Amino acid sequence: MAKEFNLRPAPQEDDWSPDFDSATSMNRRQFMRYGFNTAAGILAASLGALGFATILMPGGGGSEGDSAVKYWAKGREDTAWYGAMHLQEMKKDDFVAQASNAKTGTSGASGVWQGLPVTVSYIPNSQNAGTPVVDNKPRFQTAEGYDATGKYVGHFEDLVEKEPLIFPDSDIVMIFSRCTHLCCIPGWQLVDNTFTEDHWSAGGTDSGGTKLFCICHSSRFDPTMLEMNSNRNRANGQLFKYAGIRRSGGPAPVGLPLIPVIINSDGTIEGNVLTIDGVSTLDWLTYCD
Ligand code: FES
């Protein structure tokens, strides 16, 4: 059964104090103040991904920009484990070290890639994949997926057969952080709750830790459960299938898309673009304005 999600007040916000003990969701206005806690984050929620890119990437960002993934800790410098690394390049070793201090054995951070909001998670899959799928042995699981109407879409492994690089075999999974509900920006532990830090649960359910939360209306997503899903391109109306992580709870109709990654020889994490059945993985990110 889903437990209560206790929202955490943003740092340096002293003029407005919602009832965090009883709140289980935030409305859009509240998110505008508590999402990224920055002018850029607020604008991102208003302007969409393109606006976010324009703000963060000199010259408007785009495909010729730096493909490194960078930490995004603005407004959370004193509370996030990566708070001192805002806009520094993400390194896998940082995540591994952080996970060694966590009861779940996993770690995650908000970031920015090509001007887009992302969440990056470390899951010790290569360490646990050879063992049975049981609680507290965090690993990737693959599953069949269903669209917003409940219609079967396909299995994650179908996509892996076509493009093996879709599977995050580096143990690092990067997720596009625009909610499939109303396009707010989910984040890694932007909310504080009593159970995300205590254990990992198998099965991609709404219990256990290691979740992404959208604090607009409390949708939850499990970055350890990989599935195929479908969504609609907002620009041309066309449906597309994608590899993503499972929606485990809340009003979001489907899960969030993956962004493939490469781990460079120096350990830095870089976004990658693949083509499957003639569709670019960048097209998976087109469901928001
Ligand atoms: S925008 Fe509503 S739950 Fe994310």
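Just so it is clear, none of the values below were taken in a lab; they were calculated from the coordinates. Note that this is a predicted model, so its numbers are computed, not measured. Heads up, the Cβs are rebuilt from the backbone with ideal geometry, glycines too, and the neighbour counts pull from every protein chain shown.
Which of the residue pairs Lys162/Lys241; Lys137/Lys211; Lys70/Lys241 have a Cα-Cα distance greater than 23 Å in the structure shown?
Details: Lys162/Lys241 13 Å; Lys137/Lys211 15 Å; Lys70/Lys241 27 Å.
From the list (Lys162/Lys241; Lys137/Lys211; Lys70/Lys241), the Cα-Cα distance tops 23 Å for Lys70/Lys241.
Other residues within the sphere of radius under 12 Å centred on the Cβ of Asp266, judged by their own Cβ, net out at -1 (K and R +1, D and E -1).
Counting every other Cβ atom within 10 Å of each residue's Cβ, Arg76, Arg234 order from fewest to most as Arg234, Arg76.
Where does segment 87-176 land on the Kirkwood hydrodynamic radius, alpha-carbon pairs, in angstrom? Could the numbers behind the result be given before it?
Details: mean 1/r = 0.0675 Å⁻¹.
It works out to 14.8 Å.
Neighbours of Ser219, meaning other residues whose beta-carbon lies under 11 angstrom from its beta-carbon, give a summed charge of +2 when Lys and Arg score +1 and Asp and Glu score -1.
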